[in-house]
Amino acid sequence: MQQHFSLADCDVVGFDLDHTLCRYHLPQSARLIYDSFAQYLVTEKGYDEDLLILAPDSLDFCCKGLVLDIEEGNFLKLAEDGTVLRASHGTKSMTFEEILEVYGRREWKHFNTVSGMVSRTAKYYLYDNYFDLPGALLCARVVDSLDQHDGQKKYDFWKDMVAAIQHNYKISAFKEDCGTYFPEVKNHPDKYLQRCPESVKKWLKQLKNAGKILLLITSSHSDYCRLLCEHVLGNDFEEYFDILITNALKPGFFSHTPNQRPFRTLENDEEQEALLSLDKPGWYSQGNAIQLVDLLKKMTGKLDPKVVYFGDSMHSDIFPAHHYSNWETVFILEELLGDKVTVPAKAESEPLEKKGKYETDQLKAPYFVSKQWGSFFMDRIPGLENAEETLVRTWSCKCISTYSTIAIPSLETIADLPLDYRFTRFSSNSSATAGYYPSPPRALLPNEESVTMK
């Protein structure tokens, strides 16, 4: 495996939509998602009305990479070997002693299936993207509420939470103005959506002019995709892409066969009959990577076209594209904005236009570094009795270097670079920080290095 990665070497460049090409105003969208789930639980399922009241700082609880141990009502932050680094019962942090008592110093019992990227079972749920995260806070508060009123030891609220998610995000919800989420985004898109920077639009055109085939592959339904794209890219958004695939139902798009998940055509946002093969560029629904690659071979005239895919979800985008399709993957990780190396003092005198564009207003976002959960990348295992604390990588951090080619905070970070820029890729024989651009998270640097950067 070569040490460097360059977009110039790729034939095809694919993008996820939500939180990749379309960035959200996170504090506002987190609140909306929380409200949309809470409204359903209270009005449809009879949960405590207190769930509708949200203290402003409570979103600090939301941290990517948490696992909900459903039966116990506990949230877990896992080390790369599966041991529990931090935990909470409901919203209340557990002490190190409580963690040892419940989970011991061994691999969490479901870690084998979690690390195989099975993200949801009746036993646990993995929170790995911003559409899910506010639900973590809601579930934690449900546990608090059940403890207070019923003193429960085992919890069975999960089926109601799944119903809330399905009610708000189901395919017909946008068209029917059903639930809380879609009607609100439709009516106030500027409140929730960030317009795509001109530099990114220019970069997409540059990729196309360089002969790259551009794909959009999103699990959002076509009507919501159209709203997002028109708002963030403009009414001519279809001109940026050769192939648009909506309702892709990732990760199944990558893992399923053509028989299991055929492509369908669309008419007025309604899915039509299944296609036996994919013959030409255009806008499609559902589908699978196998038939997509067959079309890409025809379009490029190459037996093995080189594809890179940009996405923000390890579970739905990065892992399956890497594992099933052997594509290059670029992980969009906004957490890099909240946990990055401090710029040396001399750089402060540089004119503003020379500074990385992503440094300006993004740091106001709500939960890049959670006070309750600490760094997304590293944490300490408490020492037993008088032993030293040990600093270890989180499981989420290990996944990044295992399944991504590189990780960046946003598309804007690389939009001004020449297409033949050579990124250092993650690889087993390079340093733990090699694939992060433009800089690694501060938490991954040895102490003396991060001190000198202050």
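The values are calculated or read from the model by the stated rules, or taken from the named source; none is laboratory data. For clarity, every value in this text was computed on a predicted model and none was experimentally measured. A quick note on method: Cβ atoms are made from the backbone with ideal geometry, for glycine too, and the neighbour counts reach across all protein chains shown. For accessibility, only protein heavy atoms count, side chains too; no ligands or nucleic acids. Shrake-Rupley method; radii C 1.70, N 1.55, O 1.52, S 1.80 Å.
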*Any chance you could run the full-extension gain for Arg380 through Arg195? It's 0.36 nm times the residue separation minus the Cα-Cα distance, nm to one decimal.*
62.8 nm
*asked:* Cut-off 12 Å, label point 7 angstrom out along Cα-to-Cβ of Asp147: give me the residues of region 92-108 whose amide nitrogen falls inside.
replied: 92-95
*asked:* Accessible area of the chain with a 1.4 Å probe: how many percent of it is carbon plus sulfur?
replied: 49
*So between Leu276 and Glu49, what do we pick up on full extension, going 0.36 nm a residue minus the alpha carbon distance?*
76.7 nm
*Please compute the net charge surrounding Phe254, taking Lys and Arg as +1 and Asp and Glu as -1 over other residues with Cβ under 11 Å from its Cβ.*
+1
_Set of aspartates and glutamates with alpha-carbon distance to Lys297 below 16 Å, sequence-local pairs under 8 removed_ = Asp9, Asp11, Asp242, Asp279
_If I stretch the segment between Lys202 and Tyr421 completely, what's the gain in nm (0.36 nm per residue apart, minus their alpha carbon distance), one decimal?_
77.2 nm
*Please work out how many pairs of lysine residues in region 147-248 are eight or more positions apart (or on different chains) and have Cα atoms closer than 24 angstrom.*
9
*Quote the accessible area belonging to Thr43 in square angstrom, nearest 10, computed with a 1.4 Å probe and with ligands, DNA and RNA left uncounted.*
90
*Taking K and R as +1 and D and E as -1, what net charge do the other residues with C-beta under 14 Å from the C-beta of Lys205 add up to?*
-2
*Quick one: ranking His25, His149, His110 by accessible area, 1.4 Å probe, largest first, what do you get?*
His149, His25, His110
*asked:* Leaving ligands and nucleic acids out of the surface, order Arg425, Arg105, Arg31, Arg393 by accessible area at 1.4 Å, largest first.
replied: Arg105, Arg31, Arg393, Arg425
*By average Cβ neighbour count within 10 Å, what is the ranking of 277-284, 329-336 from highest down?*
329-336, 277-284
_Give me the 1.4 Å probe accessible area per residue for region 26-187, excluding ligands and nucleic acids, in Å²._
43
